[in-house]
Amino acid sequence: MVELKVGDRAPNFTLMDEKGQPRSLKDYLGKKVVVLYFYPKDFTSGCTVEAQSFRDDYGLYEGKGSAVIGVSLDTKESHAKFSQKHNLQFPLLSDSGKEVAKAYGVLGMGGITTKRVTFVINKGGYISRIFTKVDVKKHSAECLKAVTEA
C-alpha cells in the first residue's frame, strides 16, 4: 500500500461525480487549494455529520479560493441520493474501482471501504496536510485552517 506524506505530489485522478460528470484533480491545479476527503460510506452517521460540516462551511471554502471533494467507494447513484438528501454543494466522487483509494493509500481493511483520511492539496498539486485522525464534528474547521496555510 502506498504511503503518501506531506510534500509529495498528489496522484492525479479522474472519477465520475454524483451527476455522472468526470472530475480530475488536474482541473483544479493552479486555481484552487483542494480538500480531498475520503470517507467510508454514504448515509452512515459519521459520514453524514462530516459531509454536513463541509456543507455548512462551504461558503468559507469558496471565500478562500478552495474546493472540497468527497470520495468513497459508493456508486454515483448512492452519491446522488446522499448529496440531494443533505443539500451538498461540492462533488462526491465514486471510486468503485478502488484505483484512487489505492493510489492515496486509504483503502480500508478488506477493501470494502476507504479509511477516513483527508488530504489538503496546494495549487501546485503537492500535499500540504494529511489528516488521519478525524473528529467529524471539528474536521471542517481544521481543514479551513489548513487551507489558509497551504
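Per-structure values
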{"item": "Per-residue ³J(HN,Hα) for the stretch 50-66, Karplus 6.51 cos²θ - 1.76 cosθ + 1.60, θ = phi - 60°, Hz, x for Gly and Pro", "result": "4, 4, 5, 5, 5, 4, 5, 9, 4, x, 5, 5, 4, x, 8, x, 10"}
{"item": "Whole-number accessible area per residue in Å² for the chain, which is evaluated in the context of all protein chains at 1.4 Å", "result": "49"}
{"item": "GNM top mover of 95, 56, 42 - the chain, alpha-carbon springs below 10 Å", "result": "56"}
{"item": "Fraction in percent of alpha-carbon pairs per bin - 10 Å, the stretch 98-150", "result": "23, 46, 28, 2"}
{"item": "Proximal charge balance of residue 128 [Cβ under 12 Å; K/R count +1, D/E count -1]", "result": "+3"}
{"item": "Amide H contacts of residue 68 (H built 1.01 Å from N, under 5 Å, at least 5 apart or other chain)", "result": "35"}
{"item": "Distance histogram in 10 Å bins (all Cα pairs of the chain, percent per bin)", "result": "12, 46, 38, 3"}
{"item": "Lysines whose Cα lies under 24 Å from that of residue 81, excluding same-chain neighbours fewer than 8 positions away", "result": "19, 41, 98, 115, 137"}
{"item": "Portion, in percent, of the accessible area of the chain that falls on carbon or sulfur, probe 1.4 Å", "result": "51"}
{"item": "DSSP bridge orientation in the stretch 61-150 - percent antiparallel, rounded to nearest 5", "result": "60"}
{"item": "Extension gain from residue 9 to residue 49, taking 0.36 nm per residue of separation minus the Cα-Cα distance", "result": "11.5 nm"}
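The values are calculated or read from the model by the stated rules, or taken from the named source; none is laboratory data. These numbers were taken from a predicted model, which means no experiment stands behind them. All Cβ positions, even for glycine, are placed from backbone atoms using ideal geometry, and neighbour counts span all protein chains on display. Only protein heavy atoms, including side chains, enter the accessible area calculation; ligands, DNA and RNA are left aside. Shrake-Rupley method; radii C 1.70, N 1.55, O 1.52, S 1.80 Å.
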